[in-house]
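See structure below.
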Amino acid sequence: MPPAKTSYVCLPCRASYKQPHGPTRPRSCPRCAESMIHVGSAFAAPRRRDVAAWRTLTVLLNAGVGFHKSCCGGPGYRPRTLREVRERLAYAGRSGEPVSTALVRYDVP
């Protein structure tokens, strides 16, 4: 059985790399040598030219939202558009809910 792999992304390069799962140590991008962000094994990268999707991903990662598998098989809901991100950020501001929690809500009240 091959070793499990997990994803790392470089936001400036808009690139994702699957690497063997192991101790989370700093990893650098092979393209620009900047440090990459560990995003988890349930991550599916958007196309490099999809700028809006990478902006959405940047907000999620900077808020501490990851893409790790749960007991049910997937990471759960993640917003896919900037509009969905804005709605959840506005809700977090109104309700006082932490941004990382508001961003993974399926429905915004």
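Here the chain has 53 percent of its accessible surface on carbon and sulfur atoms, given a 1.4 Å probe and all protein chains in place.
In the chain, Cα pairs under 8 Å separated by at least six residues give a relative contact order of 20 percent. Fully extending the segment from Leu11 to Thr58 would add 16.2 nm, taking 0.36 nm per residue of separation and subtracting the current Cα-Cα distance. Net charge dipole, the range 15-70: roughly 160 debye, given to the nearest 20, about the Cα centre with Cβ charges of +1 for Lys and Arg and -1 for Asp and Glu. Sorting the segments 53-60, 76-83, 16-23 by their residues' average number of neighbouring beta-carbon atoms within 10 angstrom, most packed first, yields 53-60, 76-83, 16-23. Specify the inter-centroid distance of the range 88-109 and the range 8-58, based on alpha-carbon positions, in whole Å. Each part reduced to its Cα centre gives a spacing of 25 Å. Accessible surface computed residue by residue for the chain, with neighbouring protein chains in place and a 1.4 Å probe, gives 64 Å² per residue.
Rounded to the nearest 500, the 222 nm mean residue ellipticity of the chain from helices alone is -8500 deg cm²/dmol, with -39,500 (n - 2.57) taken per DSSP H run of at least 4 residues. Computed from Cα positions, the angle between helix 82-95 and the longest principal axis of the chain comes to roughly 60 degrees.
Amide H contacts for Val39 (H built 1.01 Å from N in the peptide plane; partners 5 or more residues away or on another chain; cut-off under 5 Å): Ser7, Tyr8, Val9. Rounded to the nearest 20 debye, the dipole magnitude of the chain is 360 debye, with +1 charges on Lys and Arg beta carbons, -1 on Asp and Glu beta carbons, and the Cα centre as origin.
Between the residues Pro23, Cys13, Pro79, the greatest Cα displacement towards the positive end of the dipole of the chain, with unit charges on the Cβ of Lys, Arg, Asp and Glu, is found for Cys13.
The values are calculated or read from the model by the stated rules, or taken from the named source; none is laboratory data. No experiment lies behind these values; they were computed from the predicted model shown. When we count neighbours, we look across all protein chains shown, and the Cβ atoms used for this are built from the backbone with ideal geometry, even at glycine. These accessible areas exclude ligands, DNA and RNA; they are computed on the full protein's heavy atoms, side chains included. Shrake-Rupley method; radii C 1.70, N 1.55, O 1.52, S 1.80 Å.
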